[in-house]
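What follows is one structure encoded as structure tokens, with my remarks underneath.
What follows draws every value from the coordinates through simple rules; no lab data is involved. Remember, it's a predicted structure, so these values are computed and weren't measured experimentally. Backbone-built Cβ (ideal geometry, glycine too); neighbour counts: all protein chains shown.
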Amino acid sequence: MCNISAFECNGVSGFLHQPGAASCGALALTHGAGSDCNARLLVALAEAFCARNWTVLRYNLAFRRNRPFGPPLPAYAAADQTSVKNAVAELRKLTGGTVVAAGHSYGGRQTTMLAAEEPALCEALIAFSYPLHPPKKPEQLRTAHFPSLRIPVLFAQGSVDGFGTVAEMQNAMQMIPGPARLAVVQGAGHDLKSGKFNIDGLVIRELDAMLSDHCSHPPPSAL
């Protein structure tokens with residue numbers, strides 16, 4: 001049974017999911033441009049990870065704390081990356097073990113951009129529905145930081161995502177020098193069916209395998 005409580009500390013706000021048993025790892029999970037930490041996808045992911053004894057912090061980025069509605073402005077990008085950094089730091093204080101930084105769409109992009117600059121940020125990354133390019137504009141790739149990604153990263157992409165096809169993601173991932181894996185959610189668009197898919201089989205087990213292969217101290221669930 002997971003315990004869920006409001007979280008507010010050092011500029012990080014959201015909800016903390018704590019498992020009933022000893023935590024095997026920690027997940028810092030944030031939202032996309034059009035939602036917040038209460039998005040159905042994030043809640044579903046947090047519940048699934050917590051059921052596997054992960055501590056999960058689903059949190060709001062800086063732009064959402066300042067604007068309850070509307071997309072982020074370019075001027076917020078640096079502050080949003082600071083939100084990611086602070087959330088990871090707070091989880092390290094709480095758990096002291098493996099920390100994975102994750103985000104949906106815009107949140108995943110900002111998380112990977114920060115990790116490209118700060119490779120010691122966390123042990124691994126998950127990008128849910130990475131916004132590889134704007135819809136119908138495949139030439140406008142958002143991959144400038146990919147050659148600097150050395151932290152293991154798992155991409156979870158819907159098979160009919162307008163922000164990046166499976167083939168486009170596979171091609172873009174070749175630019176990443178570090179370990180990179182792709183989990184495809186069949187029939188899902190950019191919202192990943194609001195979490196109504198096999199999270200355990202497609203994401204958590206894939207993450208466990210990646211951590212076991214590439215981290216010197218993987219969480220117990222990955223062993």
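The mean sequence separation of alpha-carbon pairs under 8 Å and at least six residues apart, normalised by the residue count of the chain, gives a relative contact order of 17 percent. Excluding same-chain neighbours fewer than eight residues apart, the lysines reachable from K93 by a Cα-Cα span under 21 Å are K85. For the range 131-175 versus the range 34-80, the inter-centroid distance based on Cα atoms is 20 Å. Here the range 119-195 is treated with +1 on each Lys and Arg Cβ and -1 on each Asp and Glu Cβ, and its dipole about the Cα centre works out to around 40 debye. Of the residues G14, V43, A75, the one whose Cα sits farthest toward the positive end of the charge dipole of the chain, with +1 on the Cβ of Lys and Arg and -1 on the Cβ of Asp and Glu, is A75.
Across the range 47-58, coupling constants 3J(HN,Hα) worked out from phi with the 6.51/-1.76/1.60 Karplus curve, θ = phi - 60°, read 5, 5, 5, 5, 5, 9, 6, 9, 7, 10, 10, 9 Hz, and Gly and Pro carry x.
For the range 13-28, putting each phi into the Karplus relation 6.51 cos²θ - 1.76 cosθ + 1.60 with θ = phi - 60° gives couplings of 10, x, 9, 9, 9, 10, x, x, 9, 4, 6, 9, x, 10, 10, 9 Hz, in residue order, rounded to whole numbers and with x for Gly and Pro. With both residues required to sit in the chain, DSSP beta bridges show an antiparallel share near 30%. Overall, the chain carries a charge dipole of about 320 debye about its Cα centre when +1 sits on the Cβ of Lys and Arg and -1 on the Cβ of Asp and Glu, all other atoms neutral. Each Cα pair under 8 Å and six or more residues apart adds its sequence gap; the mean of these over the residue count of the range 112-223 is a relative contact order of 24 percent.
Residues whose amide H lies under 5 Å from that of A33, counting only those 5 or more places away or on a different chain, are Y106, G107; hydrogens are built 1.01 Å from N in the peptide plane.
If you work out Rg and Dmax of the Cα atoms in Å from the coordinates, which of (1) 18.6, 62; (2) 16.9, 48; (3) 15.7, 47 do you get? Recomputing Rg and Dmax of the Cα atoms in Å here picks out (3). The sum of -39500 (n - 2.57) across all DSSP H runs of n ≥ 4, divided by the residue count of the chain, sets its helix-only mean residue ellipticity at 222 nm to -9000 deg cm²/dmol. Here the scattering of the range 14-58 is modelled by Debye summation over its C-alpha atoms, one equal scatterer each and no solvent; at q = 0.25, 0.28 Å⁻¹ the log10 of I(q)/I(0) is -0.78, -0.93.
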